[in-house]
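Novice: A single structure is presented below for examination.
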Amino acid sequence: QVQLVESGGGLVQSGGSLRLSCAASGFTFSSYVMSWYRQAPGKERELVATITSTRTSYPDSVKGRFTISRDNAKNTVYLQMNSLKPEDTAVYYCHPMGLSYWGQGTQVTVSS
């Protein structure tokens, strides 16, 4: 059974940092491209970072501020978020590309 457990969210002031973690199980983690998405109230879910075995990619909205990484030995993907802005406020989810599973997400709130 696939499980994705996100953690590390919280309330932070504008300009602050958070590190999110996603512990995965139930599939061969190292074989999958992993992504982080976010969803703000009233908005569609948005891709914020993707990591393969060799590459990472980000949309312009977070490039230079967010860094995705993975530890295949721990079946965990991370999202380091720096220079946070109020518009980064959302629930953040990790997702294995090609699988239709989502975790419960972790809330990130950035105050101005």
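Novice: What list of ³J(HN,Hα) couplings, whole Hz, do you get for region 48-55 from phi and the Karplus terms 6.51, -1.76, 1.60, once you set θ to phi - 60° and write x for glycine and proline?
Specialist: 10, 6, 9, 9, 9, 6, 10, 9
Novice: Once fully extended, how much extra length lies between Lys43 and Ser112, figured as 0.36 nm per residue of separation less the alpha-carbon to alpha-carbon distance? Write down the numbers at each step before the final one.
Specialist: Details: separation 69, 0.36 × 69 = 24.84 nm, distance 1.99 nm.
Result for the pair: 22.8 nm of gain on full extension.
Novice: Now for a separate question. Provide the per-residue ³J(HN,Hα) series for region 64-77, in order, calculated from phi with Karplus coefficients 6.51, -1.76, 1.60 and θ = phi - 60°, each as a whole number of Hz, with x at glycine and proline positions.
Specialist: Going residue by residue, I get x, 10, 10, 9, 9, 8, 9, 10, 5, 5, 9, 6, 10, 10 Hz, with x marking Gly and Pro.
Novice: Okay, moving on. Considering only protein heavy atoms, with the full assembly of protein chains and a 1.4 angstrom probe, order Tyr32, Tyr92, Tyr101 by accessible area, largest first. Mind showing how you got there, number by number?
Specialist: Working: Tyr32 70, Tyr92 0, Tyr101 100 Å².
Per-residue accessible area, sorted high to low, gives Tyr101, Tyr32, Tyr92.
Novice: Scan around Gly103 for amide H atoms under 5 Å from its own, H built in the peptide plane at 1.01 Å from N, and keep only partners 5 or more places away or cross-chain.
Specialist: Residues meeting the criterion, in which the H sits 1.01 Å from N, are Cys94.
Novice: Rounded to the nearest whole Å², what accessible area per residue is found for the chain with the 1.4 Å probe? Show your work: numbers first, answer last.
Specialist: Working: 5940 Å² over 112 residues.
Heavy-atom SASA per residue in the chain reads 53 Å².
Novice: Where a Cα-Cα gap under 21 Å defines reach, which lysines qualify for Lys63, not counting those fewer than 8 residues away within the same chain?
Specialist: Filter leaves Lys43, Lys85.
Novice: Now for a different question. Expressed in nm to one decimal, what extension gain is obtained for the pair Val33 and Arg65 from 0.36 nm per residue of sequence separation less their Cα-Cα distance? Write down the numbers at each step before the final one.
Specialist: Values: separation 32, 0.36 × 32 = 11.52 nm, distance 2.07 nm.
Using 0.36 nm per residue and subtracting the Cα-Cα distance, I get 9.4 nm.
Novice: Taking the simple approach of a point 7 Å from Cα along Cα-to-Cβ for both Thr54 and Lys74, what is their distance in nm?
Specialist: Taking the simple label geometry, Thr54 and Lys74 are separated by 2.6 nm.
Novice: A follow-up question, please. Lys85's amide H: which non-local residues (gap 5+, or another chain) put their own amide H closer than 5 Å, with H modeled 1.01 Å from N in plane and none for Pro or chain starts?
Specialist: Gly15
Novice: Rounded, prolate or oblate: which fits region 69-112, taking a ≥ b ≥ c as square roots of the Cα gyration tensor eigenvalues, rounded meaning a/c under 1.5, else prolate when a/b beats b/c? Walk me through the intermediate numbers first.
Specialist: Numbers: a/c = 3.01, a/b = 1.66, b/c = 1.81.
It comes out oblate by the Cα gyration axes.
The values are calculated or read from the model by the stated rules, or taken from the named source; none is laboratory data. Everything numeric here is computed off the predicted structure, so don't read it as measured data. Every residue, glycine as well, gets a Cβ built from its backbone with ideal geometry; the counts of neighbours run over all protein chains shown. Heavy atoms of the whole protein, side chains included, go into the accessibility calculation; ligands, DNA and RNA do not. Shrake-Rupley method; radii C 1.70, N 1.55, O 1.52, S 1.80 Å.
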